[in-house]
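Colleague: The structure that follows is given in the form of C-alpha cells.
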Amino acid sequence: MKHLYVLSSDSLEGRETTKPGQKKAAEYIKNQFIKDGIYPTKTGEYYQKFNVSVTDFNRATLSLNNQKLELISDFYLFGNTHDTLISNADVVDVGFGIVDQQYDDYKNLDVKNKVVIIKEGLPPNINVSDSWENWRKKQKVATEKGALAVITVKKNYQSSIDRIAPFLLYPHMRMHKDVLSKATYIPNFCISKTTYLNYKKEPSLTASFSVDINYEAETENVLGYIEGSQYKDELLVISAHYDHIGFDNGEVCNGADDDGSGTVCLLSLAKAFSIAKQKGYDFKRSILFLAVSGEEKGLFGSRYYTDNPIYPLENTIADLNIDMVGRIDTIHTDMNYIYLIGSDKISMDLHNISEKVNQNYIKMDLDYRYNKDSDPNKFYYRSDHYNFAKNDIPVIFYFSGIHNDYHKPTDDFEKINFDKLHLTAKYVFFTAWELINRDKKLK
C-alpha cells in the first residue's frame, strides 16, 4: 500500500513523461530496487535513458502593437512550426490571402519580412477555387511571398478553441527518430474577428512573437535484474509503465490504477524474487524487472528498450506485462477475475502454463474477451507488451478493465482494491516462477 500511496500522490503531479513528477517516481522505483537487493543491469545502471521530441504550444507568445495577447483566450498557434523570435515586424492585411487566375489579394503589396493577416475562408461573390479554403495553401503562398508569419482571422474562433484546446494545452511527444524528417512551416497564429477588428482601427500595426515550442527532453526506464543459474543468459521480462498523463484541465491525474497498480505489482514481485534468491531458492533463468516511461505517449519506453535491448531479444523468453489491475471494471461484479490478452498469440506453451498455474494456485476467472482479434478496443496493441510481441516474443497482458475514472483526476489511491491487486501479483509470481524454472524454452 505504501508504494502506491507515494506513486499516486499529488506531489508526483500525475507522473507525466519528462516532467518532475515522473523523475521523482523513477527515483523512488530505483531506490526501492536497491533497498530490496535488486541489482542494476549489466550496464551498471538502473536507468535506461532516452530522448523524446516535444512540441508545446504553451511556449508561444504573440503581441500586437506591443500589447501581449493571452494564449487560448486571444490567440493560439497551430501546425508544424519552426522556432523563431521576431520583434516589431510590420503587419500587412492581405484580405483572404488568395492568388488565383482572376483574383490576387497580394497585388501591389510587399509582404517580404512582414507578417500577413489573412481571413479564413473565401471572399463572397468571387469565383475562386474551393481549394483556397485550405489554410495550408494560403500559408504556402505567404511563405513564397517572403512573409515571416501568418495571422489567420477565424470565422468562429470559439468553435475552433472548443475543438482543439486539449491538443494545444498539453505537450505532444514523439520518439526522436520519428521527427527527423518532419516538415516545418512559418508560424500560423489564429485570432478572433473581434481581436482583428480592434486592431484594424489602428493606423499601423506591428507584431512581435516568440515561437520556442520544439525541444528535446529526457526520460528513463527503470530496470532491475536478478541473475539465474543454469540458463542465466535466458531472460524473463516483467513489465509495467510507471508514467501517467499529468494534468487534466488543471487537476492532477494521479493514475493510481493506470498504472500505479501495475508498478506496485512489479515492485512486490521484484522483492519476492529477491527474498527467494536470498533464502536459497535458486532459479534457472534470469529476470528483468522493467518499469517503463512514455507508455501514455505511445508505448515509448518499451519501444526504446526493444529497439535498444540491454539483453538480446533472442534470449528473452517472454514478457509478462501488468497494466491497470487494481479496480473492478464496469462489466464484473466481484474481484475474482482478470483479463488475459496475448497469451496464445505467439506461444501456446505460455497460454497452457498460464491456465495451469491459475487452476492449481489462483482459481481466478480468466476472461479472454479482449484477446479476440475482433475486439474493437484493440487492447492487444495498447500496452507495453506489444513491443515485445512485435519482436516475436511471447507475451501476457494482465488487465482488469476500464472504469469510470480512467484517465481522470478521480483515479485515486482510495479506490484501489488491494485484495485484487495482491491476487493478481500472486498469479504473475507463480506464472513467472514456472517460466524461469522449466527445463525447456517456450514453443
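The values are calculated or read from the model by the stated rules, or taken from the named source; none is laboratory data. Please read all numbers here as calculations on a predicted model, not as lab measurements. Methodologically, a virtual Cβ is constructed for each residue, glycine included, from the backbone with ideal geometry; neighbour enumeration extends over all protein chains shown.
Colleague: For the stretch 102-196, give me every one of the strands (runs of 3 or more DSSP E) that falls completely inside it and has 1 or more residues that are at pLDDT 95 or above. First the steps, then the outcome.
Modeller: On the way: elements: 115-119, 149-153, 172-175, 188-191.
Because the criterion is at least 1 residues that are at pLDDT 95 or above, the strands (runs of 3 or more DSSP E) in the stretch 102-196 that meet it are 115-119, 149-153, 188-191.
Let's see how each residue does on (1) more than 22 Å from Leu64 (Cα to Cα); (2) among the hydroxyl-bearing types (Ser, Thr, Tyr); (3) surrounded by fewer than 15 Cβ atoms within 10 Å (Cβ to Cβ):
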| position | (1), (2), (3) |
| --- | --- |
| Leu85 | no, no, yes |
| Val99 | yes, no, no |
| Asp130 | yes, no, yes |
| Gly146 | no, no, yes |
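Colleague: Just to verify a result, which residue in the stretch 268-294, among those that are touching a Phe, Trp or Tyr at 6+ places or on another chain (Cβ under 8 Å), in contact (Cβ under 8 Å) with a residue 24 or more places away in the chain and in a helix (DSSP H, G or I), is surrounded by the most Cβ atoms within 10 Å (Cβ to Cβ)?
Modeller: Phe273
Colleague: Now a separate question. In the stretch 9-62, how many residues are in contact (Cβ under 8 Å) with a residue 24 or more places away in the chain, closer than 26 Å to Asp411 by Cβ, surrounded by fewer than 16 Cβ atoms within 10 Å (Cβ to Cβ) and polar (S, T, N, Q)?
Modeller: Of the residues in the stretch 9-62, 1 are in contact (Cβ under 8 Å) with a residue 24 or more places away in the chain, closer than 26 Å to Asp411 by Cβ, surrounded by fewer than 16 Cβ atoms within 10 Å (Cβ to Cβ) and polar (S, T, N, Q).
Colleague: Another question about this same structure. Evaluate the following for Lys372: is it of a type outside the set (Gly, Ala, Ser), in contact (Cβ under 8 Å) with a residue 24 or more places away in the chain and more than 30 Å from Ser229 (Cα to Cα)?
Modeller: Taking the combined requirement at face value, the residue does not satisfy it.
Colleague: Answer yes or no as to whether Leu320 is buried (at least 24 other Cβ atoms within 10 Å of the Cβ), farther than 24 Å from Val52 by Cβ and out of contact with any Gly (no Cβ under 9 Å at 6 or more places or on another chain).
Modeller: For Leu320, the condition - buried (at least 24 other Cβ atoms within 10 Å of the Cβ), farther than 24 Å from Val52 by Cβ and out of contact with any Gly (no Cβ under 9 Å at 6 or more places or on another chain) - is met.
Colleague: Would you check which residues across the stretch 250-265 are of a type in the set (Gly, Ala, Ser) and in a helix (DSSP H, G or I) and list them? Show your work before the answer.
Modeller: Of the stretch 250-265, the ones of a type in the set (Gly, Ala, Ser) are 250, 255-256, 260-262.
Result: Ala256, Gly260, Ser261, Gly262.
Colleague: Keeping to the stretch 248-275, report how many residues are on the phi > 0 side of the Ramachandran plot and among the aromatic types (Phe, Trp, Tyr).
Modeller: Of the residues in the stretch 248-275, 0 are on the phi > 0 side of the Ramachandran plot and among the aromatic types (Phe, Trp, Tyr).
Colleague: Restricting to the stretch 386-443, name every residue that is within 26 Å of Leu299 (Cβ to Cβ), charged (D, E, K, R) and in a helix (DSSP H, G or I).
Modeller: Within the stretch 386-443, Lys415, Lys420 meet the criteria.
Colleague: Determine whether the stretch 217-234 contains at least one residue that is within 28 Å of Ile72 (Cα to Cα) and more than 26 Å from the chain's Cα centre (by Cα).
Modeller: No: zero hits.
Colleague: Test each condition in (1) in the same structural domain as Leu266 (by TED's automatic domain parsing); (2) part of a loop (DSSP other than H, G, I, E, B); (3) surrounded by fewer than 18 Cβ atoms within 10 Å (Cβ to Cβ) for Ser383 and report the one that comes out false.
Modeller: Against the list (1) in the same structural domain as Leu266 (by TED's automatic domain parsing); (2) part of a loop (DSSP other than H, G, I, E, B); (3) surrounded by fewer than 18 Cβ atoms within 10 Å (Cβ to Cβ), Ser383 comes up short only on (3).
Colleague: Can you tell me which residues in the stretch 339-355 are out of contact with any Asp or Glu (no Cβ under 7 Å at 6 or more places or on another chain) and in contact (Cβ under 8 Å) with a residue 60 or more places away in the chain?
Modeller: Ser347, Met348, Asp349, Leu350, Ser354
Colleague: For Gly228, which of the numbered conditions (1) closer than 22 Å to Gly326 by Cα; (2) modelled with pLDDT of 95 or more fails to hold?
Modeller: If we test Gly228 against (1) closer than 22 Å to Gly326 by Cα; (2) modelled with pLDDT of 95 or more, just (1) comes out false.
Colleague: Further, regarding this structure: Could you list all residues from the stretch 34-54 that are in contact with a Lys or Arg (Cβ under 9 Å, 6 or more places away or on another chain) and of a type in the set (A, V, I, L, M)?
Modeller: Once the filter is applied, which keeps residues that are in contact with a Lys or Arg (Cβ under 9 Å, 6 or more places away or on another chain) and of a type in the set (A, V, I, L, M), the stretch 34-54 yields Ile38, Val52, Val54.
Colleague: What is the number of the single condition among (1) surrounded by 20 or more Cβ atoms within 10 Å (Cβ to Cβ); (2) free of Cβ contacts under 8 Å to residues at least 12 places away in the same chain that Val252 does not meet?
Modeller: The failed condition is (2).
Colleague: Further question: Among the listed residues Ser374, Ser347, Ser354, identify the single one that is surrounded by fewer than 20 Cβ atoms within 10 Å (Cβ to Cβ) and modelled with pLDDT of 95 or more.
Modeller: Values: Ser347 fails: surrounded by fewer than 20 Cβ atoms within 10 Å (Cβ to Cβ); Ser354 fails: surrounded by fewer than 20 Cβ atoms within 10 Å (Cβ to Cβ).
None of the others qualify; the one that does is Ser374.
Colleague: Cβ-Cβ distance below 8 Å, separation of 6 or more or different chains: which pairs start in the stretch 172-198 with a residue that is farther than 22 Å from Val141 by Cβ and end on one that is modelled with pLDDT of 95 or more and among the polar types (S, T, N, Q)?
Modeller: Once the first residue is farther than 22 Å from Val141 by Cβ and sits in the stretch 172-198, its partners that are modelled with pLDDT of 95 or more and among the polar types (S, T, N, Q) give Met173/Thr17; Met173/Thr18; His176/Asn51; Ser192/Gln158.
Colleague: Ok, one more. In the stretch 386-422, what count of residues is obtained for those that are within 28 Å of Ser229 (Cα to Cα) and surrounded by 18 or more Cβ atoms within 10 Å (Cβ to Cβ)?
Modeller: Residues that pass the stated criteria total 9.
Colleague: Would you check which residues across the stretch 295-353 are of a type in the set (A, V, I, L, M, F, W, C) and part of a loop (DSSP other than H, G, I, E, B) and list them?
Modeller: Once the filter is applied, which keeps residues that are of a type in the set (A, V, I, L, M, F, W, C) and part of a loop (DSSP other than H, G, I, E, B), the stretch 295-353 yields Leu299, Ile310, Met324, Val325, Ile328, Ile331, Met335, Ile346.
Colleague: Could I ask something else about it? Taking the stretch 386-428 on its own, how many of its residues are touching a Ser or Thr at 6+ places or on another chain (Cβ under 9 Å) and within 19 Å of Arg327 (Cα to Cα)?
Modeller: Taking the stretch 386-428 first, the residues touching a Ser or Thr at 6+ places or on another chain (Cβ under 9 Å) are 386-388, 390-391, 393-404, 411-413, 416-417, 420-422, 424-425, 427.
Subsequent filtering for residues that are within 19 Å of Arg327 (Cα to Cα) retains 396-404, 411-413, 416-417, 420-422, 424-425, 427.
Adding up the residues that qualify gives 20.
Colleague: Scan the stretch 121-180 for residues that are in contact with an Asp or Glu (Cβ under 6 Å, 6 or more places away or on another chain) and under 30 Å from Asp307 (Cβ atoms) and report the count.
Modeller: Within the stretch 121-180, residues that are in contact with an Asp or Glu (Cβ under 6 Å, 6 or more places away or on another chain) and under 30 Å from Asp307 (Cβ atoms) number 1.
Colleague: Report, by residue number, each residue of the stretch 71-93 that is part of a loop (DSSP other than H, G, I, E, B) and either farther than 15 Å from Cys190 by Cα or in contact with a Lys or Arg (Cβ under 7 Å, 6 or more places away or on another chain) (or both). Walk me through how you get there before you give the answer.
Modeller: From the stretch 71-93, those part of a loop (DSSP other than H, G, I, E, B) are 72-74, 78-80, 82-83; that's our starting set.
Across the stretch 71-93, the qualifying residues are Asn80, His82, Asp83.
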